[in-house]
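Encoded as structure tokens, the structure appears first; notes follow it.
The values are calculated or read from the model by the stated rules, or taken from the named source; none is laboratory data. From a predicted model like this one, the values you see are computed outputs, not experimental measurements. So basically every Cβ, Gly included, is an ideal-geometry build from the backbone, and we count neighbours across all protein chains shown. Calculation scope for accessible area: heavy atoms of the full protein, side chains included, ligands and nucleic acids excluded. Shrake-Rupley method; radii C 1.70, N 1.55, O 1.52, S 1.80 Å.
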Amino acid sequence: MTLPSEHSLSDLLELPHTAAASSLSELQKLIDDERARCGSVISIPVAQLSEAQADDVRVRFTGRKSPLQDWLRSLRNFPAEERKEAGAKINQLKAFLEVEVEKFVLECRAAAEKAKLEREKVDLSLPLPELAMGSRHPVSVAAQQLLEPLRRLGFTVIDGPELEREFYNFEALNIPAEHPAREMQDTFFVASQWVLRTHTSSVQAHAMLERGVPLRVACAGFTYRNELDLTHVPTFRQIECLVVDKGITLAHMRSTLDAFFAEVFGRPVKLRLRSSYFPFTEPSAEIDVQCQQCFGEGCRSCKHTGWLEMGGCGLVNVRVLESCGIDSKVYSGFAFGMGVDRIAMSKFGIADLRSLYEGDVLMSRHLALR
Ligand code: DAH
């Protein structure tokens, strides 16, 4: 059977001419007609009906427009001894219609869905539309952008292991065994003599021992510390620079830092070197950059100090030069190391460290709990 123009479906959905019966035999006739009518409708191939038409079928046979309710009400006109049988027959028909019509409507819906997918079928040979694939994380972007000015300043960009021997991470850098940086709460000890590097300064030792002098190297990479709170995360990135040559002084360090930050921010920025202590440099200083949100006025980003601490620097400690096989009477050097997150935050105007890790479900859950 093919459908049926719109007209013939609505013919099939018409209500019986007789509204109610008053005897069993009349009722039987109504029931047979209704069953036959429903049979004709549900034998229409489902693909030929729209979802709206399928809905009409449901409403007509099992919903609001079904005559069965009226039939049940008309039972009171029946001879008393026929009422029970008549009621049972109507209920049987009702159960039959509900099962069959429901099945039919579901099949219609599935067919409509399938037809829709067919219509929208993607032609895989067409070129892809431009997809928004997201972008690199600001800290990754910053790490790469920070290396560029250093390349231009003549630094060779090198790499070093993240899984590091204690020697390179500590001893070679004049951090003795009792130094607090080695304590369990700071360092991830992986195996005897092996740690996850706690800073990129370990690359300095590799460079001096493996490349020899003169040296002008930079590196950026992941570092690890066993700490997690609102301002510290266990995995972060640092950038490190090392110059060793004859006659290197603090003046070289200062001018390199000035040139570096001017390139990073695209304009000259105010730097402040604050006297400090690091085992691997002497003298040592903290590097502060004037807050680029408030330009020294004081704001939330700089905790109202006007300055942001970026990292440390200094002249390479003669002990470090010597333990890396460099004659400290002939050579001197400077080094600096900084947290890439901090520079990224300042460069991109990000006020809260945590927003860098919001996409990291595990990390953000930990931070939210604290
Ligand atoms: N390694 C230090 C840290 O992680 C930062 C640092 C300080 C690096 C002074 C240096 C330096 O190269 O000279 O806190």
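Details
- Of all residues in the range 58-84, those satisfying the criterion of being of a type in the set (S, T, N, Q), surrounded by 14 or more Cβ atoms within 10 Å (Cβ to Cβ) and part of a helix (DSSP H, G or I) are Thr62, Ser74.
- Within the range 199-216, being open to solvent by less than 10 Å² (accessible area, probe 1.4 Å) and either within 11 Å of the ligand (Cβ to nearest atom) or of a type in the set (Gly, Ala, Ser) (or both) holds for Thr200, Ser201, Ser202, Val203, Gln204, Ala205, Ala207.
- For Tyr168, the conditions (1) touching a residue at least 40 places away in the same chain (Cβ under 8 Å); (2) under 21 Å from Leu315 (Cα atoms); (3) of a type in the set (Phe, Trp, Tyr) all hold with the exception of (1).
- Members of the range 304-342 found to be in a loop (DSSP other than H, G, I, E, B) and over 18 Å from Lys270 (Cα atoms), listed by number: Asn317, Cys324, Gly325, Ile326, Asp327, Ser328, Lys329, Val330, Tyr331
- Screening Met363, Met345 for residues that are in contact with a Ser or Thr (Cβ under 8 Å, 6 or more places away or on another chain), more than 16 Å from the ligand (Cβ to nearest atom) and part of a helix (DSSP H, G or I) leaves exactly one candidate, Met345.
- Number of positions in the range 282-326 that are over 23 Å from Ala251 (Cβ atoms), more than 16 Å from the ligand (Cβ to nearest atom) and open to solvent by 10 Å² or more (accessible area, probe 1.4 Å): 15
- Against the numbered list (1) open to solvent by less than 30 Å² (accessible area, probe 1.4 Å); (2) over 23 Å from Ala110 (Cα atoms); (3) modelled with pLDDT under 90, Gly87 comes up short only at (3).
- Residue match in the range 36-57 (condition: part of a loop (DSSP other than H, G, I, E, B), at pLDDT below 90 and open to solvent by less than 30 Å² (accessible area, probe 1.4 Å)): yes
- Selection count, the range 225-272, where residues are polar (S, T, N, Q), closer than 15 Å to Gly339 by Cβ and in a loop (DSSP other than H, G, I, E, B): 1
- In the set Thr281, Thr223, Thr249, Thr305, only one residue is hydroxyl-bearing (Ser, Thr, Tyr), within 25 Å of Gln144 (Cα to Cα) and in contact (Cβ under 8 Å) with a residue 12 or more places away in the chain; that residue is Thr223.
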